[in-house]
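Every number here is computed from the coordinates shown, using simple stated rules; none is lab data. If you're wondering where the values come from, they're calculated on a predicted model, not measured in any experiment. Because the Cβ atoms are built from the backbone with ideal geometry, glycine has one as well, and the counts that use them run over all protein chains shown.
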Amino acid sequence: MNYYNEFDPHAAAWLRELIKAGLIPDGHVDERSIVEVQPIDLIEYTQCHFFAGIGGWSLALQLAGVDATRPLWT
């Protein structure tokens, strides 16, 4: 599962809609400030996208053929 960190509530809502529509990989959208995120919070996630915006990195990785199960952070 993916982790998306986005502080802006509108962008976070958009991420949730993209996930719901199946346009980006399933994941948890965390609206906390990045300074509140601890390493232990991320253990269960395969991919972590910080400052996720509207999912650009996640979509770009899909378009590039990167499997959603490949561990990486953006």
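Just from its helices, what would the mean residue ellipticity at 222 nm be for the chain, if runs of 4 or more DSSP H residues each count -39500 (n - 2.57) and the sum is divided by every residue, rounded to the nearest 500 deg cm²/dmol?
On the way: 2 runs with 20 residues, N = 74.
The per-residue figure over the chain is -8000 deg cm²/dmol.
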Report summary line: Assertion target for Ser33, Ser58, ordered by fewest C-beta neighbours within 10 angstrom first, is Ser33, Ser58
Report summary line: Note, Gly53: beta-carbon cut-off 12 Å, +1 each Lys/Arg, -1 each Asp/Glu, net -2
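Order of Glu36, Glu31 from fewest to most other C-beta atoms within 10 Å?
Placing the least packed residue first, the sequence is Glu36, Glu31.
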Query raised in the report: Which of the following values of mean projected area of the Cα convex hull in nm² was calculated from the structure shown: [x] 4.3; [y] 5.4; [z] 7.4?
Result: [x]
Query raised in the report: Once label points are set 7 Å from the Cα along Cα→Cβ at both Thr46 and Glu31, what is their separation, rounded to one decimal in nm?
Result: 2.7 nm
